[in-house]
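Worksheet for the structure shown next.
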Amino acid sequence: MRRFRRVDIPARLLIVPSRPTRTGDVFTYGIDYFPPSVQKRLQHAQSKMHYWINHIQEQQDILAPVFAEFERYSRYFGGWVESVSQQARSPRTEVASWLEFHAYGKGVQDLEELKAHAPKTFQYFDLLNQKMQAYYRHFSSCLEKSDASQFQMPEPLESYFEIDGLAKNFAASVNHDQKVPLVQALYYLYLYTSYYFRAYDEMLNDFSPPASPKAWRQKEINLSAGGLSVLLDKRYPANSRCAIHLFFPDTGQRLDFEASFVRSFTASHTHKETNAFNFNFPDGHSQKVVVFEIERYEIRSSMAVAAF
């Protein structure tokens, strides 16, 4: 593959394993949605959250247990995302596990004391709780309708929650000189939960990818006539076969072919996973189109260079 020159080029991309890689309670591709880069982000958010919780001076005895509960509920959710995606194991197959899952799905309880003593902080936790309940509810619906032959999504998950907008306002305070411990702790709790929710979103996207190329994610891919590599928040199963779908908006060209996943490693400069694939072209046409798109991009890029 090294005889082909490689170019970083923007394209809309969809990569889905050609077949399930593991059999079990529920359909799965065996994709790792918690690779080292995601684990590092979770650990960083958790560490920062604990640091700032310990620096809260007022009502720490009331607030600290609430933070701990949200952390526990988020970790439990992520644990089942990992069990489904990596082990094809569903909580629905065991009565005790399914009852426990539904108990967690009710969200964090016992927030009344917080509501009485810190109403503004309660509002933040309550909004985060609503998002958590929505994710649990959706996950539960998927598991109820899924089996070893298919993963079924009953309806799309909401794409925006009120807590998302509120957290953006908190983000502005994170790097502020006058750092407020409570604001910092709340923000890092939001990040911690979000990393688990994003892993679930990624899994849903793989199980039910958008049909329209215009809805595929825009990525900068490292492309050659023999393969590609791309930065993602996941790792594909070793030696898996995948369906590669490329769409180049400028030309409207779409390519669909099979590829072999060859390796993945954490890119230190981006804290994402570099996933590399070798193309398995059925004929020479697709390879010629890839070469054409690379050459066209190089020519257009060179024309954009300012003249001296």
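The values are calculated or read from the model by the stated rules, or taken from the named source; none is laboratory data. Here the structure is a predicted model, which means the values were calculated and not measured. Methodologically, a virtual Cβ is constructed for each residue, glycine included, from the backbone with ideal geometry; neighbour enumeration extends over all protein chains shown. Accessible surface areas use protein heavy atoms only, side chains included; no ligands, DNA or RNA. Shrake-Rupley method; radii C 1.70, N 1.55, O 1.52, S 1.80 Å.
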Gyration tensor (Cα only) of the chain to equivalent ellipsoid, semi-axes in Å sorted down, yields 40, 26, 16
Take the Cα radius of gyration of region 227-308 and divide it by 2.2 N^0.38 Å, with N its residue count; two decimals is plenty.
1.30
Compare the peptides 180-193, 62-75 by average per-residue count of other Cβ atoms within 10 angstrom and give them in order, highest first.
180-193, 62-75
Residue-averaged [θ]222 nm for the chain, counting only DSSP H segments that reach four residues, each worth -39500 (n - 2.57):
-16500 deg cm²/dmol
Mind checking the dipole of region 36-207: about its Cα centre, +1 per Lys or Arg Cβ, -1 per Asp or Glu Cβ, Debye to the nearest 20?
360 debye
Assign one of three labels to region 36-207, namely rounded, prolate or oblate, based on the Cα gyration tensor with a ≥ b ≥ c the square roots of its eigenvalues; rounded applies when a/c is under 1.5, prolate when it is not and a/b is larger than b/c, and oblate otherwise.
prolate
Taking 0.36 nm per intervening residue step and subtracting the Cα-Cα distance, what contour gain separates Thr251 from Ala64 on full extension?
61.8 nm
Packing-based ranking, highest mean first, of 119-130, 279-290 given that Cβ atoms within 10 Å are counted
119-130, 279-290
Considering only protein heavy atoms and a 1.4 Å probe, what is the carbon-and-sulfur percentage of the accessible area of the chain?
49 percent
Order these peptides, 195-204, 234-243, 102-111, by their mean beta-carbon neighbour count within 10 angstrom, highest first.
195-204, 234-243, 102-111
So for region 1-93, using the alpha carbon gyration tensor with a ≥ b ≥ c as root eigenvalues (a/c under 1.5 gives rounded; past that, a/b versus b/c decides prolate or oblate), I'd call it oblate
